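Step one of this worksheet: look at the structure below.
The values are calculated or read from the model by the stated rules, or taken from the named source; none is laboratory data. Fair warning: this is a prediction, and the values are worked out from it, not measured in the lab. When we count neighbours, we look across all protein chains shown, and the Cβ atoms used for this are built from the backbone with ideal geometry, even at glycine. For the accessible areas, the whole protein counts, side chains as well, though only heavy atoms, and no ligand, DNA or RNA atoms are used. Shrake-Rupley method; radii C 1.70, N 1.55, O 1.52, S 1.80 Å.
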Amino acid sequence: MTRKKKIYKKKGKVIKDLTRNIFKILNEDSNKYYNYKQIAAKLKVSDTDGKNQIIKKLAELTANKKIKEVDRGKYQINEDRKYHVGTLDATSNGNAYFICDDFEHDIFVPSVNLGKGLHNDTVKAYVYKKRRSNKLEADVVEIIERAKTEFVGVLQMNKNFGFVIPDSNRMYADIFISQSKLNGANDGDKVVAAMTDWPENSKNPFGKITQVLGRPGDHDTEIHSILLEYGLPYEFPAEVEKEASELPIEITNEEIAKRRDMRGDLTFTIDPKDAKDFDDALSFTKLENGNYEIGIHIADVSHYLQPKTILDDEAYDRATSVYLVDRVVPMLPEMLSNGVCSLRPNEEKLTFSAVFEINEKAQVINQWFGRTVTYSDKRFAYEEAQAIIENKNNIIPADVSLTGEAYEVDENIVEATLKLDELAKKMRKKRMKSGAISFDRVEVKFHLDENANPTGVFFKEAKDANKLIEEFMLLANKKVAEFVGLSAGRPSKKTFVYRVHDEPDVEKLASLQNIVSKFGYKINTETRQKTSDSLNKLLSDVHGKGEANMVETLAIRSMSKAEYTTQNIGHYGLAFDYYSHFTSPIRRYPDVMTHRLLQHYLDDGNSPKAEIYEEKCKHSSKMEELASKAERDSIKYMQVKYMQDHKDQEFEGVVSGVTEWGIYVEIKSNKCEGMVRIKDIKDDYYIFDEKQYAVIGQSTKNMIQLGDEVVVKVKHTDLERKHLDFNLISH
């Protein structure tokens, strides 16, 4: 018997996916009607706050005519309502899925029913049951809002007109460009084309070229294309740079007088070797009572970034820095991100701090939040801090020092680093015991030459020094969220920016279990704790094995997405009831909002309207997702570029995906992924078997299954589409 997902968790928390779950109940039998108590019982909601949420949602759905009130307080699905509003999720084969809260599952939209709807468009669709299969399908009848109207692609010219062939395989229509709308572009150029019209009787939208990016395959052209495909900028407007350059940056005595002066406390930063912006620093003081005062000091970006300025508007629009393989596209101009806000060594800086008194058991005894002025005594790379932890002495080996020369480190910093590491390990242990999930994924990095060409691949793994910083940042984020979100142990109603992460979907976990069982692994989903424990065991067991990256990727996909919201439901992955983002305001706009709200409440301000901040949270979540996609695309691009120089080489790989048109293979040595098309497997005629995650030879019955080890060779590289084709050498 399948275990039902528990919808509602704790008192005072928002019921996740309430609309969808109400429709699920009402759709079970469209002739039945339910009152709020019956719905609450089905959702396992027993407290007053939860029931009030259901009553409010039922009233809202009735007002929108999505359901009807057939008798006083009794509700039924509105069968008359055949038209629904939702978004399109286009696939690479020209079809799409209609996503709408009115339905439990996404609904298939065949290409003939798209009605000129494009990926992520908001549309009105007619939903019906197919006669033979009884399955739901959707027919798009109206485009309510386009998700985007500009597309990156390559111009192909005919005699007096051209077509822009979009880079994205989700954009199924080429864009017609008349001679007068070429804007100086030539045949074969990589361009940005804006849709201007889509005539009723035309298969293709009409458009104009707004920007010529360069020639396909050129490095900067391709990187700029990746950014523009997701609507991300790659340079700051002149007026933004001007406003940044005119900011007063002197730290005055008047400003210092308003703050807690912590310049005398031992303070240092630990960051990546190549980092230029330092968001955070740690201070360490041993107290007379044997406890430790540890300060987490964060760049006070909100002091310089004032609301209703050009600078703030630009930072909000970007919402995040974008980390591509060969560059960072910052949220703030360099003068702020790498200059005045960066906590560089031997400089006084304005900071916003969370200061904790912590005992030997890593318990927080006292806490303080507020604006400070600090002075960083030392800048460490992770490798240097790691050397202190591993060697437990005050000599940093020459091969990991920033300058390439051995040097002595102040013994107080050595003592502080070792104690912070010890406390961090205790905090992490407690967190894991509480049910946190440990996704310590290996990052793919590239050695680049002076022209940004990849000369080698290496893997970056989090070590103790990374985890030290992570634990204290998590502590600050958690305690700031608790400070605002809890009042005398109860949830407060103050508007705040939370970073939330819902529980994993039971169906996705069941699918994950089905796949990993083929490798001999198990997931226990009986309780939340058992789910967490078994996921951690899976991630630990698979670490370092050929299938590690594939299993870790599938495990992450089974998780819900973390997002920003004013509606707190806790953070499942970290096992925190309250969590926010406070520690990276140089590169994340939600942290700037958190700083502003925290200071507002420290000044005894009233709670502002949640709606305004909820809108900003949605925008920030959306921009974070786009930045993440651009980052992934830049890695794919660099992997394809790297593999161009290894076409004659054979590689051992693992089958990382199986589809009806081919198998995906991930190379063990560099984690580059490519496809072996079924038609290119010559030893038999293979057919896709969905249940076994395999392709099976019809004559030999040979099976190539998810997780199998194979040997491949590069057949074709496509830089523009960031795609690799392999030939299968052996399996």
For this session: Take the alpha-carbon positions of the range 151-208, form their convex hull, and give its projected area averaged over all directions (one quarter of the hull surface) in nm².
Result: 3.7
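With the alpha-carbon atoms as the only input, what is the per residue convex hull volume for the range 277-320 in Å³?
On the way: hull volume 4.1 nm³, N = 44.
That works out to 94 Å³ per residue.
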Problem set entry | Gain in span if fully extended, K425 to A452, counting 0.36 nm per residue against the direct Cα distance | 5.9 nm
For this session: Would you mind calculating the relative contact order of the chain from Cα pairs under 8 angstrom and at least 6 residues apart, reporting the percent as a whole number?
Result: 9
For this session: For the range 528-603, give the magnitude of the charge dipole about the Cα centre (Cβ charges: +1 Lys/Arg, -1 Asp/Glu; no others), in debye to the nearest 20.
Result: 120
Seminar exercise, completed: The local net charge around K286, scoring Lys/Arg +1 and Asp/Glu -1 for residues other than K286 whose Cβ lies under 10 Å from its Cβ, equals -2
Problem set entry | For the range 432-526, the spread of Cα positions along each principal axis, largest first, Å | 57, 41, 24
Problem set entry | Above-threshold pairs, the threshold being 25 Å between Cα atoms, out of K508/K701; K37/K508; K463/K641; K445/K467; K479/K616; K65/K129 | K508/K701; K37/K508; K463/K641
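When ranked by the protection proxy of mean other Cβ atoms within 10 Å per residue, highest first, what sequence do the peptides 693-705, 501-513 form? Kindly include the intermediate steps, with their values, before the conclusion.
Values: 693-705: 15.5, 501-513: 17.6.
Highest mean packing first, the order is 501-513, 693-705.
Two-decimal Rg/Rh of the range 482-586 from alpha-carbon positions, Kirkwood Rh?
Details: Rg = 16.5 Å, Rh = 15.4 Å.
Using only Cα positions, Rg/Rh for the range 482-586 is 1.07.
Might you report the magnitude of the Cβ-based charge dipole of the range 40-164 about its Cα centre, with Lys and Arg at +1 and Asp and Glu at -1, to the nearest 20 debye? Mind dumping the intermediate values first?
Numbers: 22 positive and 18 negative charges, 84 e Å.
Once rounded to the nearest 20, the dipole reads 400 debye.
Grab the beta carbon distance between R677 and I556, set R0 = 25 Å, and tell me the FRET efficiency rounded to 0.05. Each step should come with its number before you reach the end.
Numbers: r = 27 Å, r/R0 = 1.07.
Given R0 = 25 Å and the Cβ-Cβ separation, E is 0.40.
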Exercise. Of I678, V710, A694, whose Cα points farthest to the positive end of the dipole of the range 623-731 (charges on the beta-carbon: +1 Lys, Arg; -1 Asp, Glu; origin at the Cα centre)?
Worked result: I678
For this session: Could I have the simple spin-label model distance between A510 and D47, label points 7 Å from Cα toward Cβ, reported in nm to one decimal?
Result: 2.9
Seminar exercise, completed: Zone reached by a paramagnetic label modelled 7 Å from K203 Cα along Cα→Cβ, restricted to the range 139-173 with backbone N below 15 Å, covers 163-165, 172-173
Exercise. Give me the log10 of I(q) over I(0) for the chain at q = 0.06, 0.11 Å⁻¹, as the Debye formula computes it from C-alpha points; what are the numbers?
Worked result: -0.42, -1.52
Exercise. How big is the shadow of the Cα convex hull of the range 533-613, averaged over all directions, in nm²?
Worked result: 7.5
Seminar exercise, completed: Taking Cα atoms only, Rg over Rh for the range 46-184 with Rh from the Kirkwood formula is 1.15
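Can you sort L247, L26 by 1.4 Å-probe accessible area, starting with the largest?
Details: L247 35, L26 0 Å².
If we order L247, L26 from most to least accessible, we get L247, L26.
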Exercise. What's the percent breakdown of Cα-Cα distances in the range 626-731 across 5 Å bins, shortest bin first?
Worked result: 2, 13, 23, 23, 17, 12, 6, 2, 1, 0
Exercise. Based on Cα positions only, what radius of gyration and what Dmax would you give for the range 593-670, in angstroms?
Worked result: 22.8, 68
For this session: Any chance you could look up the accessible area of H84 with a 1.4 Å probe, heavy atoms only, rounded to 10 Å²?
Result: 20
Problem set entry | Base-10 log of normalised Debye intensity for the range 337-381 (one unit scatterer per alpha-carbon) at q = 0.15, 0.22 Å⁻¹ | -0.53, -0.84
Problem set entry | Debye, to nearest 20: dipole size of the chain, +1 on Lys, Arg Cβ, -1 on Asp, Glu Cβ | 4140
